Amino acid sequence: MQAWRVHRNGEPSEVMRLEETDRPVPGPRQLLLRVRAANVNFPDALLCRGHYQVRPPLPFTPGVEVCADTEDGRRVIATAALPHGGLAEYALADEADVLPAPDTLDDAEAAALHIGYQTGWFGLHRRAALREGETLLVHAAAGGVGSAAVQLGKAAGARVIGVVGGPDKAATARALGCDTVIDRHTEDIVAAVKEATGGRGADVVYDPVGGPAYAASAKCVAFEGRIVVVGFAAGDVPAPALNHALVKNYAILGLHWGLYRQKDPAAVRRCHDVLTEYAAKGLIKPLVSERVALAAAASAVQRVADGTTTGRLAVLPTGPGTTAGPGTTTQPDRAGADRTGADGGGADQAAGPGDATGEGAAR
């Protein structure tokens, strides 16, 4: 089979190599999956760089979430079991991490439903207890993680304010359903939120960015508001001033969705049932901006790493080499397919294991 493999750490476009290799062999309580679509997540880039908290042995195949077929013919979505990730024709997954793929979504959409939407659901409902009629502020609202939070916020009956970077992403955020869109390149986030809320501020803030985004959030969160810390795409892990949280009566809530897989797997399955129902009703639909062939996977991961994408990028290992949009075709990444390299390394960056956070700093 063909699989992208990483033999050393570095930038995805430099260290990912498309190789012919044997199909992975399932271990105890694992399944062999034929990959239909693999969703590209920011942790895939962190894995390549060696910056992720989980460091699989070299060589490994990136790709943390997939839509795939089991050997007994079921169409499923799953978190891939590294080092045998989803940027390949076949991957492995633990049985406990395999869920039925929603019939109402195509393969690329189904692959993108899992981690980002689970993170959004747990963040907004289990951590922040978002209520109908409240105001939700979403940073990186046009990115994969942010777009999921926008849709889930609207489904909950919240008023949604989206923060993005640039006019194209602002248009995307409006199309997703944001009631107010703030372009951080041209507007002051704090002033714009205060104006949009009559001075009250946001009841819930969903922050996969950190850095300056968190600093702005603390200044425009409402009385008894909740800031949900999801990731640090900006590369800066803020140090909150707890006296400020005390003075303004707001809560700072951490969210590491991967822990729910360990501590409360039944809740993950219940959440999947809710998300499947939402998808069937048309309340949510993953924003897949591009579907690319397996040969283009390295460039796709690099683009996500660079923060230049909108929504999700999906790799279709067994499909035709298609589609960057209507009337266009994505060409194979032939340079990436031939790359080799030497040793590399890097410093730490944060996004929790099993989470798809952190890819939206420029959204």
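The values are calculated or read from the model by the stated rules, or taken from the named source; none is laboratory data. Keep in mind it's a predicted model, so treat the numbers as computed, not measured. Quick reminder, even Gly has a Cβ in these numbers, built from the backbone with ideal geometry, and neighbours come from all protein chains shown. The area values use the complete protein model at the heavy-atom level, side chains included, leaving out ligands, DNA and RNA. Shrake-Rupley method; radii C 1.70, N 1.55, O 1.52, S 1.80 Å.
A few points about this structure:
- Flag for Pro43 being touching a residue at least 40 places away in the same chain (Cβ under 8 Å) and in contact with a His (Cβ under 9 Å, 6 or more places away or on another chain): no
- In the stretch 200-240, residue farthest from Tyr260 (Cα to Cα) [restricted to those that are touching a residue at least 40 places away in the same chain (Cβ under 8 Å) and among the charged types (D, E, K, R)]: Arg200
- Odd one out for Asn41 among (1) at pLDDT below 95; (2) within 19 Å of Ala295 (Cα to Cα); (3) open to solvent by 30 Å² or more (accessible area, probe 1.4 Å): (3)
- Test set (1) open to solvent by 10 Å² or more (accessible area, probe 1.4 Å); (2) under 22 Å from Leu31 (Cα atoms); (3) hydrophobic (A, V, I, L, M, F, W, C); (4) under 19 Å from the mean Cα position of the chain (by Cα) - Cys67 fails condition number: (1)
- Taking the stretch 86-196 and the helices (runs of 4 or more DSSP H) fully enclosed by it, the elements with 3 or more residues that are surrounded by 23 or more Cβ atoms within 10 Å (Cβ to Cβ) are at 107-121, 144-155, 167-176.
- Yes/no for Arg8 being open to solvent by 10 Å² or more (accessible area, probe 1.4 Å) and free of Cβ contacts under 8 Å to residues at least 60 places away in the same chain: no
Each row is one residue, and each column tells you yes or no for (1) of a type outside the set (Ser, Thr, Tyr); (2) more than 14 Å from Val138 (Cα to Cα); (3) out of contact with any helix residue (DSSP H, G or I) (no Cβ under 7 Å at 6 or more places or on another chain).
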residue: Glu187; (1), (2), (3): yes, yes, yes
residue: Ala191; (1), (2), (3): yes, yes, yes
residue: Glu195; (1), (2), (3): yes, yes, yes
residue: Gly199; (1), (2), (3): yes, yes, yes
residue: Ala202; (1), (2), (3): yes, no, no
residue: Tyr206; (1), (2), (3): no, no, no
residue: Ala213; (1), (2), (3): yes, no, yes
residue: Ala216; (1), (2), (3): yes, no, no
residue: Val230; (1), (2), (3): yes, no, no
